[in-house]
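Trainee: Have a look at this one.
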Amino acid sequence: MSTAVSPPPRQGRAVLRRMLAERAVTRTAGAPLISGNDVRLLRDARENYPAWLAAIQAAERTIHFESYIIHEDEQGELFADALLAKAQAGVQVRFIYDWVGALNATSNQFWRVLRDGGIDVRCFNPLRFDSPFGWLSRDHRKMLTVDGRVGFVTGLCVGHMWVGDPARGIEPWRDTGVEVRGPAVADIEQAFAQMWALTGDALPSEILPTSAEIPTAGEVSLRVVAGAPNTAGLYRLDQMIAASARRTLWLTDAYFAATTPYVQALRAAASDGVDVRLLVPQATDIPVVRALSRSGYRALLEAGVRVFEWNGPMLHAKTAVADGFWARVGSTNLNLASWISNYELDVVVEDTAFGQAMEQMYLDDLTNATEIVLTSRRRVLQTHKSQKRRLRTRLANGSTSRVAAGAIRIGNTVGAAVTNHRVLGPAEARVLSAAGLLLVGLALIAIFWPRGIAWPFAILGLWVALSLFLRAWALHREGRRLAREESAEDIPAPVTAATGSPDSPSPEAAPGE
């Protein structure tokens, strides 16, 4: 006898949907939702830097600071002095910087002064002979925690460009960060501990607080998404949000070079009636990147995505807000370098008040932006300018992330032309011509001066081969060491029958034995 199963009531179905959605997001991002936090939205250096310095000055036990770039200028010296003062007062100060990020920004003398002053400074992933291409993976995170009670996750590095120079009429870079208090600070500390272990000895577990040990500070729920190479957690999450947004999806990105699947996700959302907007910088230190960026707008504009270019000197923020409830702030750009290759850190907030604050900040930003539209001939055209002044397109001290984004765009364009997997736009003709000229030049060198091609490839091949041999030798030594340790554990120590103590002489055997 079969019995009919009645469907759950409407309220029960809503609860089930929320549970399933929560589990899916947690598995996708690899980060649990943590409740009981207070989150403060911080705009630009004028709000971020004072909050950081105040937290540093109030430190009593630990300061953990991680920054892709710290410039050796007045802002870098300001933070260095603050950290040195706390280290001399007995606070444990630990600092991680990225080797590539520091190349043109900070001298060895700067780090030597910090180390001599009692700060434990570590460099992430310097160039190594046994890893020719290992430098491609970078620590792009920007974070600060103090005493396990307050944490900052941000897109800002440390440098004068984030502050600007009002006396000379130089505006600051536009950027965004958050201040977090509550149990989620434990996850920010764990993210720092992960990078610390990658640069040397791990942190003692007893100095790292757990979420249960940190008292609640508010009612905001959030996730701390610590991106690592080849995990693509935030990439999958960004696609999930693009697929699930119902009303709005507003994105701000400094180095937009999205993959085809993500572009299609944005197009599908816009075609389904979602208000999708993308705010990107207009100024760049690589002219060809700007042309490539605009060539990538076409697919978005044709589907109804609204694209805006920031009219200030540089837009460096990496944020998103969907439906006035879900929001992301951190270091991850919408490109493969951030999604797949780098170590990144973002905070994903699920809260109505915070989401509404993010929406208002976005609308404020659009008052200083130029909307990009398609003309009747389907050409990309600027319109609705909120400022009439002419912008400089070259910036000094540009981030290496811009170079990576430009390389990705160029690779996408050339790859599309070779494989013919998408329609190319007129703006990409310049890139294809440059690529063609480069290949012609290489071909002529190979014909008339083959050594000019053979020698670089030979040197690179030898370098890679030697690095492989070094790695194999190191692994072989490690295997032999582990084998010796296992053999030592398997051999019992000599024990006497009378006393049971090792290394004592054996007694004479008893009669009859």
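The values are calculated or read from the model by the stated rules, or taken from the named source; none is laboratory data. Note that the structure is predicted; figures quoted are calculated from it, not measured. Every residue, glycine among them, receives a Cβ derived from its backbone with ideal geometry; neighbour counts consider all protein chains shown. Please note that ligands, DNA and RNA were not included when accessible areas were found on the heavy atoms of the full protein model with its side chains. Shrake-Rupley method; radii C 1.70, N 1.55, O 1.52, S 1.80 Å.
Trainee: Touching a Ser or Thr at 6+ places or on another chain (Cβ under 8 Å), surrounded by 14 or more Cβ atoms within 10 Å (Cβ to Cβ) and under 23 Å from Ala82 (Cα atoms): is that true of Val178 in this structure? Explain how you work it out, then say what you get.
Mentor: On the way: touching a Ser or Thr at 6+ places or on another chain (Cβ under 8 Å): yes; surrounded by 14 or more Cβ atoms within 10 Å (Cβ to Cβ): yes; under 23 Å from Ala82 (Cα atoms): yes.
Here the answer is yes, as Val178 does meet what is asked.
Trainee: Here is a list of conditions, (1) β-branched (Val, Ile, Thr); (2) open to solvent by 40 Å² or more (accessible area, probe 1.4 Å); (3) more than 28 Å from Arg40 (Cβ to Cβ), and Thr216 meets all of them except one; can you say which number that is?
Mentor: Tallying (1) β-branched (Val, Ile, Thr); (2) open to solvent by 40 Å² or more (accessible area, probe 1.4 Å); (3) more than 28 Å from Arg40 (Cβ to Cβ), Thr216 fails exactly one: (3).
Trainee: Sort out which residues of segment 188-202 are open to solvent by less than 20 Å² (accessible area, probe 1.4 Å) and more than 18 Å from Val150 (Cβ to Cβ), and write them in order of number. Full working, then the answer.
Mentor: To start, the set of residues in segment 188-202 that are open to solvent by less than 20 Å² (accessible area, probe 1.4 Å) comprises 188-189, 191-193, 195-196.
Within segment 188-202, Met195, Trp196 meet the criteria.
Trainee: Could you count how many residues in segment 336-377 are open to solvent by 20 Å² or more (accessible area, probe 1.4 Å) and of a type in the set (D, E, K, R)?
Mentor: The total comes to 6.
Trainee: Within segment 201-241, how many residues are farther than 30 Å from Ala268 by Cα and out of contact with any helix residue (DSSP H, G or I) (no Cβ under 8 Å at 6 or more places or on another chain)? If you could, list the steps in order and put the result at the bottom.
Mentor: In the first step, residues of segment 201-241 are kept if they are farther than 30 Å from Ala268 by Cα; the result is 201-220.
Applying the additional criterion that residues be out of contact with any helix residue (DSSP H, G or I) (no Cβ under 8 Å at 6 or more places or on another chain) yields 201, 204-207, 212, 215-219.
Summing the residues that are farther than 30 Å from Ala268 by Cα and out of contact with any helix residue (DSSP H, G or I) (no Cβ under 8 Å at 6 or more places or on another chain) in segment 201-241 gives 11.
So that you can scan it fast, the table gives a plain yes or no per residue for (1) within 23 Å of Arg27 (Cα to Cα); (2) modelled with pLDDT of 95 or more; (3) of a type in the set (Phe, Trp, Tyr):
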site: Ser211; (1), (2), (3): yes, no, no
site: Val225; (1), (2), (3): yes, yes, no
site: Thr259; (1), (2), (3): yes, no, no
site: Pro281; (1), (2), (3): no, no, no
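Trainee: Take the residues in segment 221-236 that are surrounded by fewer than 23 Cβ atoms within 10 Å (Cβ to Cβ) and among the hydrophobic types (A, V, I, L, M, F, W, C), then tell me which one is farthest from the chain's Cα centre (by Cα).
Mentor: The qualifying residue farthest from the chain's Cα centre (by Cα) is Ala232.
Trainee: Can you tell me which residue among Gly155, Gly177, Gly169 is touching a residue at least 12 places away in the same chain (Cβ under 8 Å) and out of contact with any Leu (no Cβ under 7 Å at 6 or more places or on another chain)?
Mentor: Result of the check over Gly155, Gly177, Gly169: Gly155.
Trainee: Inspect all residues belonging to segment 487-497 and state whether any of them is modelled with pLDDT of 60 or more, farther than 30 Å from Leu300 by Cα, part of a loop (DSSP other than H, G, I, E, B) and out of contact with any helix residue (DSSP H, G or I) (no Cβ under 9 Å at 6 or more places or on another chain). Lay out the reasoning, then the answer.
Mentor: The first filter runs over segment 487-497 and keeps only residues modelled with pLDDT of 60 or more, leaving 487-492.
Pick out the ones that are also farther than 30 Å from Leu300 by Cα and you get 487-492.
Cutting the leftovers down to part of a loop (DSSP other than H, G, I, E, B) gives us 491-492.
Checking the rest, the ones that are also out of contact with any helix residue (DSSP H, G or I) (no Cβ under 9 Å at 6 or more places or on another chain) come to 491-492.
Scanning segment 487-497 turns up at least one residue that is modelled with pLDDT of 60 or more, farther than 30 Å from Leu300 by Cα, part of a loop (DSSP other than H, G, I, E, B) and out of contact with any helix residue (DSSP H, G or I) (no Cβ under 9 Å at 6 or more places or on another chain).
Trainee: So Leu84 passes all but one of these: (1) over 23 Å from the mean Cα position of the chain (by Cα); (2) open to solvent by less than 10 Å² (accessible area, probe 1.4 Å). Which condition number does it fail?
Mentor: (2)
Trainee: Can I ask one more? Give segment 110-147 a look and list any residue that's at pLDDT below 95, surrounded by fewer than 23 Cβ atoms within 10 Å (Cβ to Cβ) and of a type outside the set (Ser, Thr, Tyr), or say none.
Mentor: Hits for segment 110-147 are Asn125, Pro126, Leu127, Arg128, Phe129, Asp130, Pro132, Phe133, Gly134, Trp135, Leu136.
Trainee: Do you know which residues across segment 33-61 are surrounded by fewer than 20 Cβ atoms within 10 Å (Cβ to Cβ) and of a type in the set (Val, Ile, Thr)?
Mentor: Ile56, the sole residue that qualifies.
Trainee: Return yes or no: is Gly304 of a type in the set (Gly, Ala, Ser) and over 16 Å from the mean Cα position of the chain (by Cα)? Spell out the reasoning first.
Mentor: Details: of a type in the set (Gly, Ala, Ser): yes; over 16 Å from the mean Cα position of the chain (by Cα): yes.
It is true that Gly304 is of a type in the set (Gly, Ala, Ser) and over 16 Å from the mean Cα position of the chain (by Cα).
Trainee: If you don't mind, another one. Could you list, in sequence order, all residues of segment 290-318 that are of a type outside the set (A, V, I, L, M, F, W, C) and either in contact with a His (Cβ under 6 Å, 6 or more places away or on another chain) or open to solvent by 10 Å² or more (accessible area, probe 1.4 Å) (or both)?
Mentor: Arg290, Ser293, Arg294, Ser295, Gly296, Arg298, Glu302, Gly304, Arg306, Pro313 - these are the residues of segment 290-318 that are of a type outside the set (A, V, I, L, M, F, W, C) and either in contact with a His (Cβ under 6 Å, 6 or more places away or on another chain) or open to solvent by 10 Å² or more (accessible area, probe 1.4 Å) (or both).
Trainee: Which of the residues spanning segment 237-255 are crowded, with 18+ Cβ neighbours inside 10 Å and in contact (Cβ under 8 Å) with a residue 40 or more places away in the chain? Reasoning before the result, please.
Mentor: Let us first name the residues in segment 237-255 that are crowded, with 18+ Cβ neighbours inside 10 Å, namely 237-239, 241-242, 245, 248-255.
Hits for segment 237-255 are Leu237, Asp238, Ile241, Ala245, Thr248, Leu249, Trp250, Leu251, Thr252, Asp253, Ala254, Tyr255.
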